[in-house]
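The structure appears below as structure tokens.
Laboratory data are not the source of any read-out in this text; all were calculated from the coordinates shown. The structure displayed is predicted, hence computed values, not measured ones. Here Cβ is always computed from backbone atoms with ideal geometry, including for glycine, and neighbour counts include all displayed protein chains.
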Amino acid sequence: IAQKEDVINQSTTEAFNERTNEDNQSSADVSKGSVKPNATSNYEVKLLLFKDGKYFSTRPYIKNGNPTIDCNFGDILAIEIYNHSREHVVISVAVDGVSTFHFAETEDPQHGELYDTYKKNDLYMVPARSSMIVEGWFKTHDQANYFQLTDSSEAVANKEFGKVNDCGLITVQFYPAWEVGSPKPNYLNSNRGGGIGKGDVGTANKKPIKVNFEKNVLLANISVRYNVPFEDDGAPQANEE
């Protein structure tokens, strides 16, 4: 009988082999220090490092066809999302295949079951021509647990669901949204096809808002890999200043 550790190691190996398949090529653009589905897209994602109370940009590059950033164990990541379009969007953010609302409090004392609704919809709103930062695993409007890089055995995906296949992958999906009481955007009426662990609690800055949204129309899907480079002796490489 295979032990759990053996199964995890095998799954990790299979996932790594799938990611590094040379046939898996991406059209993503990383030329501006961020990740876009293509050079002309209105949607953009940056992975940030949070250190000493400040955010620092990372430098994405293409590795085996996948947008990738390098980081180290113990690093705290954050996700910055840009919507350069003229329309509002809502976004679904998954870390290692797990919704960032997984740890949302089930009830907000001031708004009843509001947080529970967040957990079911797992969406943030990004207004037209604006940006936002997802600071960590959503807890309340004012708090989030940091995205802290750890060994895959300690990742939320493994500890909560016993899976590691998606460890090392952050995915942001963009969907159309419009204000309650406003008509659906014209472009939706056309025939065109439209191993992070749970760190300490830090501050967040979110507030509830009511909008209509359409999850049957995916506007963009951006995935970024995070990678811990290792030296030949098996030790993690030191980050360059």
(request) Work from the charge dipole of the stretch 4-227 (Cβ charges, +1 for Lys and Arg, -1 for Asp and Glu, about the Cα centre) and give the residue of 41, 143, 104 farthest towards its positive end. (result) 41
(request) Could you let me know the centre-to-centre spacing of the stretch 62-87 and the stretch 97-171, using Cα atoms, in angstrom? (result) 16 Å
(message) Give me 63, 198, 159 sorted ascending by neighbouring Cβ count inside 10 Å, so fewest comes first.
(response) 159, 63, 198
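Return the inverse of the average 1/r over all pairs of distinct C-alpha atoms in the stretch 4-227, which is the Kirkwood hydrodynamic radius, in Å to one decimal.
Details: mean 1/r = 0.0547 Å⁻¹.
Roughly 18.3 Å, rounded to one decimal.
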(request) Past 20 Å, Cα to Cα, is the threshold; run 120/207; 46/184; 184/206 against it and keep the listed order. (result) 46/184; 184/206
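Treat the count of other C-beta atoms within 10 Å as a stand-in for reagent exposure and order 196, 81, 133, 209 from fewest to most. Show your work: numbers first, answer last.
Details: 196 29, 81 22, 133 15, 209 12.
In increasing order of surrounding Cβ atoms, one gets 209, 133, 81, 196.
Among 167, 71, what is the fewest-to-most ranking by other Cβ atoms within 10 Å?
On the way: 167 26, 71 19.
Going from sparsest to densest Cβ surroundings: 71, 167.
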(request) Take the alpha carbon atoms of the stretch 51-90, find their radius of gyration, then divide it by 2.2 N^0.38 Å using N residues; give the quotient. (result) 1.54
(message) Limiting things to C-alpha atoms, what are the Rg and the maximum Cα-Cα separation (Dmax) for the stretch 109-163, in angstroms?
(response) 14.1, 39
(message) For the pair residue 214/residue 52, report the inter-label distance in nm, with labels modelled 7 Å from Cα in the Cβ direction.
(response) 4.8 nm
